[in-house]
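Peer 1: Please read through the structure below; I'll follow up with questions.
The values are calculated or read from the model by the stated rules, or taken from the named source; none is laboratory data. All of these numbers come straight from a predicted model, not from anything done at the bench. Quick reminder, even Gly has a Cβ in these numbers, built from the backbone with ideal geometry, and neighbours come from all protein chains shown.
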Amino acid sequence: MKKLIILAIAVLMLTACSITYKAVGKYKDESDKFIGTVKANVWGGGTATMESPSTGAVCSGKAVLTKGGISCTGQEGTVTMKCSNDKVFTGSWKATSCTTGYGAGTDNNGKPFEFLFGLTENEAQSFVK
């Protein structure tokens with residue numbers, strides 16, 4: 001019984017674990033850029049919040065794991081983000097390591113969008129320039 005309680009506590013602690021990464025995104029035509037964070041949970045997926053410095057629009061949403069394995073490298077999923085300016089982004093993402101990845105999708109007007117997560121501050125700034 002004691003082992004079962006310890007196991008249950010360990011599972012609860014792991015499900016509460018999450019890691020926050022820097023995220024950046026931009027329209028493929030570079031008309032607008034976004035900077036923010038992705039808060040990933042240890043089981044894949046998570047939440048994201050991004051803001052456009054030029055328009056002030058704030059976007060937030062969920063990333064869902066659709067393909068995973070023992071390693072986080074190669075995990076894949078979908079993302080949906082709703083913005084304060086009525087834009088809605090939908091797309092997919094892929095993990096390139098346990099701390100980095102990329103994705104792409106479109107907004108509700110069909111305009112292509114791409115993003116990266118798990119970057120250093122310098123890498124993030126370089127991507128949006």
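Peer 1: Test Lys82 against the criterion of being assigned to a strand (DSSP E or B), of a type in the set (D, E, K, R) and over 21 Å from Lys28 (Cα atoms), and give yes or no.
Peer 2: no
Peer 1: Let me ask another. Could you check how many residues of the range 34-50 are part of a strand (DSSP E or B) and either surrounded by fewer than 18 Cβ atoms within 10 Å (Cβ to Cβ) or of a type in the set (S, T, N, Q) (or both)?
Peer 2: So the count comes out to 5.
Peer 1: Only one of these conditions is not met by Ser97: (1) polar (S, T, N, Q); (2) under 22 Å from Gly74 (Cβ atoms); (3) at pLDDT 95 or above. Which number is it?
Peer 2: Status for Ser97: all satisfied but (3).
Peer 1: I need a count of the residues in the range 102-129 that are at pLDDT below 90 and of a type in the set (Gly, Ala, Ser).
Peer 2: 3
Peer 1: Test Cys59 against the stated conditions and say whether it is within 17 Å of Thr20 (Cβ to Cβ), surrounded by fewer than 15 Cβ atoms within 10 Å (Cβ to Cβ) and either in contact with a Gly (Cβ under 8 Å, 6 or more places away or on another chain) or at pLDDT below 95 (or both).
Peer 2: Answer is no for this residue.
Peer 1: Given the structure, is Thr66 over 10 Å from the mean Cα position of the chain (by Cα), loosely packed, with under 15 Cβ neighbours inside 10 Å, hydroxyl-bearing (Ser, Thr, Tyr) and in a strand (DSSP E or B)?
Peer 2: Spelling it out, Thr66 is indeed over 10 Å from the mean Cα position of the chain (by Cα), loosely packed, with under 15 Cβ neighbours inside 10 Å, hydroxyl-bearing (Ser, Thr, Tyr) and in a strand (DSSP E or B).
Peer 1: The conditions are (1) modelled with pLDDT of 90 or more; (2) closer than 13 Å to Phe117 by Cα; (3) touching a Phe, Trp or Tyr at 6+ places or on another chain (Cβ under 7 Å), and Met81 fails exactly one of them. Which is it?
Peer 2: Of the numbered conditions (1) modelled with pLDDT of 90 or more; (2) closer than 13 Å to Phe117 by Cα; (3) touching a Phe, Trp or Tyr at 6+ places or on another chain (Cβ under 7 Å), the odd one out for Met81 is (2).
Peer 1: Could I ask something else about it? I'd like the residue in the range 89-129 that is assigned to a loop (DSSP other than H, G, I, E, B) and charged (D, E, K, R) and, out of all such residues, is surrounded by the most Cβ atoms within 10 Å (Cβ to Cβ).
Peer 2: In this case the residue turns out to be Lys111.
Peer 1: From the residues in the range 69-79 that are assigned to a loop (DSSP other than H, G, I, E, B) and among the hydroxyl-bearing types (Ser, Thr, Tyr), which one is surrounded by the fewest Cβ atoms within 10 Å (Cβ to Cβ)?
Peer 2: Ser71
Peer 1: Can you confirm whether Ala23 is assigned to a strand (DSSP E or B) and either in contact with a helix residue (DSSP H, G or I) (Cβ under 7 Å, 6 or more places away or on another chain) or touching a residue at least 60 places away in the same chain (Cβ under 8 Å) (or both)?
Peer 2: It is true that Ala23 is assigned to a strand (DSSP E or B) and either in contact with a helix residue (DSSP H, G or I) (Cβ under 7 Å, 6 or more places away or on another chain) or touching a residue at least 60 places away in the same chain (Cβ under 8 Å) (or both).
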